[in-house]
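A.B. asks: Let me give you the structure first, and then I'll get to my questions.
A short reminder: the numbers here are calculations on the coordinates, not readings from a lab. Small disclaimer: the values here were computed from a predicted structure and weren't measured. All Cβ positions, glycine included, derive from the backbone under ideal geometry; neighbour counts span all protein chains shown.
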Amino acid sequence: MEQRISLITLAVSDLEKSAAFYEALGWQREDSEDGVIAFNLIGQTLGLYPKASLADELGMEVSDIGGFSGVTFAHNLRTKEAVAPFLERVRVAGGKILKEAQDVFWGGHHGYFADPDGHVWEVTHNPFSPLGPKGEFQWSGAA
């Protein structure tokens, strides 16, 4: 297995509401005809898929999908000063702020939010892993 993730799929209750949330944060959806709303990222894609459809595909009940699973996603920003305004944008778009912007013990600055379906995101500035020219992230700095 190559060391990469190609597609991250989030199970969502309301496909259009979830898409509107991410679009309000500035993301642009891609054309898709298969019941998935896709957002191309740098080297990956984030897909939104109806929770009921995913449960059916997995042979599970919808009630078995959901809740905090212990997985978080991170969106790194170029500056410390960009974290609080981004969290405010999340709040305006309908996200729930779980932790306001603040310094963190390892030397960065971050906060957390949940999207409309409860998927948890960290928004952070990591001075030890600066983003590359296209926004690419790599632990200990973009190549």
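A.B. asks: What's the ranking of 63-74, 118-129, 48-59 by average number of surrounding C-beta atoms within 10 Å, highest first? Each step should come with its number before you reach the end.
C.D. replies: On the way: 63-74: 10.9, 118-129: 17.9, 48-59: 15.7.
With the highest mean Cβ count within 10 Å placed first, the list reads 118-129, 48-59, 63-74.
A.B. asks: Applying 1/(1 + (r/R0)^6) with R0 = 22 Å to the Cβ-Cβ distance of ARG91 and ARG29, what FRET efficiency is obtained, to the nearest 0.05? Before the final figure, lay out each step's value.
C.D. replies: Details: r = 22 Å, r/R0 = 0.99.
It comes to 0.50.
A.B. asks: Need the full-extension length gain, ILE65 to GLN3, defined as separation in residues times 0.36 nm minus the C-alpha distance. One decimal, nm. It would help to have the intermediate numbers written out before the result.
C.D. replies: Working: separation 62, 0.36 × 62 = 22.32 nm, distance 2.66 nm.
Contour length minus Cα-Cα distance gives 19.7 nm.
A.B. asks: If you take the alpha carbon radius of gyration of region 1-64 and divide it by 2.2 N^0.38 Å, what ratio comes out, to two decimals? Let's see the in-between values first.
C.D. replies: Numbers: Rg = 12.6 Å, N = 64, 2.2 N^0.38 = 10.7 Å.
Dividing the Cα Rg of region 1-64 by 2.2 N^0.38 Å gives 1.18.
A.B. asks: Here is a follow-up. Using +1 at the C-beta of Lys and Arg and -1 at the C-beta of Asp and Glu, which of ILE97, PHE21, HIS109 has the Cα lying farthest in the positive direction of the dipole of the chain?
C.D. replies: Sorting the options by dipole projection puts first HIS109.
A.B. asks: Let me ask something else. Charges only on Cβ, +1 for Lys and Arg, -1 for Asp and Glu: so what's the dipole of region 2-143 about the Cα centre, in debye to the nearest 20? Before the final figure, lay out each step's value.
C.D. replies: Details: 11 positive and 20 negative charges, 139 e Å.
With Lys and Arg at +1 and Asp and Glu at -1, about 660 debye.
A.B. asks: Now a separate question. Can you give the charge dipole size of region 67-143 about its Cα centre, rounded to the nearest 20 debye, using +1 on the beta carbon of Lys and Arg and -1 on the beta carbon of Asp and Glu? Don't skip to the answer; put the middle values down first.
C.D. replies: On the way: 7 positive and 8 negative charges, 21 e Å.
In total the dipole reaches around 100 debye.
A.B. asks: Enumerate the helices in the chain for which the Kyte-Doolittle hydropathy averages 0.0 or more and the C-alpha atoms extend at least 24 Å along the helix's axis, using complete DSSP H runs.
C.D. replies: Numbers: long enough: none.
Within the chain not a single helix satisfies the rule.
A.B. asks: Under a plain spin-label model, where a point goes 7 Å from the Cα along Cα-to-Cβ, how far apart in nm are TRP106 and LYS80?
C.D. replies: The two pseudo-label positions are separated by 1.7 nm.
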